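Peer 1: Take a look at the following structure, please.
Here, each number is a calculation from the coordinates, and none is a lab measurement. All of these numbers come straight from a predicted model, not from anything done at the bench. Cβ placement follows ideal geometry from the backbone for every residue including glycine, while neighbour counts extend to all protein chains displayed.
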Amino acid sequence: MSDFLAAALQLTSTSDPEVNFSLAEEQIELAARRGAELIGLPENFAFMGDDQLRLRLSSELAEKCSRFLVTMARRYQVVLLGGGFPVPIGDDEHTLNRAELVGRDGQLLARYDKIHLFDVDLPDGNTYRESATITPGNEPPPVVDIPGLCRIGLSICYDVRFPELYRHLVDEGAELLMIPAAFTAFTGKDHWQVLLQARAIENTAYVLAPAQTGLHYGRRQSHGHAMVIDPWGTVLADAGVLRAAAIAPVDTSHVGRIREQMPSLRHRKQGLFLADE
């Protein structure tokens with residue numbers, strides 16, 4: 001059992017990686033000074049811009065992002081999640097969208113390539129086609145046991161709409177679900193908090209959700225409201241819409257208490273709902 005502070009950072013990333021890295025470090029340092037031991041950066045923390053420019057920069061970004069995470073984790077002695085950055089696949093037309101979790105000593109603890117891609121036509125006139133330039137991952141997201149903290153399950157943004165992914169994470173032992181995102185302003189106002197609370201409640205797990213916020217380029221605008229949510233579904237911290245951090249305590253004994261009080265995970269009738277082979 002452990003009790004520690006976790007921070008979900010909120011950024012307004014642009015197409016200038018060096019500025020983004022600088023602003024990210026500011027937030028990491030502030031969170032570490034407040035005592036956070038687990039810190040999450042949002043999806044696209046190093047770059048939010050035109051897809052073609054992202055493709056051209058992808059090799060450089062992949063290297064710089066991994067190096068940045070290692071440096072920050074060591075410098076501030078925190079466990080750090082880079083919530084999503086482009087990694088080239090070698091065809092000059094697509095990248096992966098990869099999250100990496102790094103330990104205090106700079107060791108890579110886990111990586112996850114986003115499985116579910118956001119291909120949506122929204123009523124506000126915006127169209128998103130992640131699959132045009134992103135290749136989905138083909139491995140389930142990992143769960144990592146961090147000594148002194150908790151068991152952490154990884155995911156990215158649009159994954160939050162697919163509850164079976166989080167059932168997998170909890171079946172693998174996750175006590176805290178990380179959901180870094182760049183959620184659109186249009187969908188976020190109605191769905192973001194509801195989905196996060198649902199994933200926390202149905203899995204009786206903490207949710208740590210770093211977020212992008214504000215206007216990035218063109219008409220691309222993110223909802224904000226990075227959050228920490230407890231296993232009962234209570235919002236412990238909400239970063240609002242400014243560059244900031246949602247910071248709150250995580251108590252793994254609380255996970256155990258809630259799972260005893262509300263033992264829905266034990267009551268699942270999995271065999272009734274499995275598709276025929």
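Peer 1: Choose one answer from GLY148, GLY125, GLY103: the residue with the largest mean-square fluctuation in a GNM of the chain with alpha-carbon springs under 10 Å.
Peer 2: Maximum among the listed residues: GLY125.
Peer 1: Something else about it: Rounded, prolate or oblate: pick one for the range 58-201, where a ≥ b ≥ c are the square roots of the eigenvalues of its C-alpha gyration tensor, a/c under 1.5 means rounded, and failing that, prolate if a/b is larger than b/c, else oblate.
Peer 2: Judged from the Cα gyration tensor, the range 58-201 comes out oblate (a/c at least 1.5, b/c at or above a/b).
Peer 1: Compute a Gaussian network model of the chain, connecting alpha carbons closer than 10 Å, and tell me which residue from LEU61, LEU53, LEU154 fluctuates the most.
Peer 2: Of LEU61, LEU53, LEU154, the Gaussian network model singles out LEU53 as fluctuating most.
Peer 1: Right, here's the next one. Can you tell me the relative contact order of the range 1-133? Whole percent, Cα pairs under 8 Å, sequence separation 6 or more.
Peer 2: Result for the range 1-133 is 20 percent.
Peer 1: Count charges around ARG104 for me, please; just the other residues with Cβ under 11 Å from its Cβ, Lys/Arg as +1, Asp/Glu as -1.
Peer 2: Combined, the nearby Lys, Arg, Asp and Glu give 0.
Peer 1: Report, in cubic angstrom per residue, the convex hull volume of the C-alpha atoms of the range 13-70.
Peer 2: So the per-residue Cα hull volume is 70 Å³.
Peer 1: Which residue, LEU122, LEU11, LEU196, tops the fluctuation ranking in a GNM of the chain built on C-alpha contacts under 10 Å?
Peer 2: Largest GNM mean-square fluctuation: LEU122.
Peer 1: DSSP beta bridges in the chain, what fraction antiparallel, as a percent rounded to 5?
Peer 2: Looking only at bridges with both residues in the chain, the antiparallel portion is about 65 percent.
Peer 1: Restricting to the range 44-150, compute how many DSSP beta bridges are antiparallel as a %, nearest 5.
Peer 2: Around 95 percent of the beta bridges assigned by DSSP in the range 44-150 are antiparallel ones.
Peer 1: Just need the relative contact order of the range 3-273 here, percent rounded to a whole number, with Cα pairs under 8 Å and 6+ apart.
Peer 2: Worked out over the range 3-273, it gives 20 percent.
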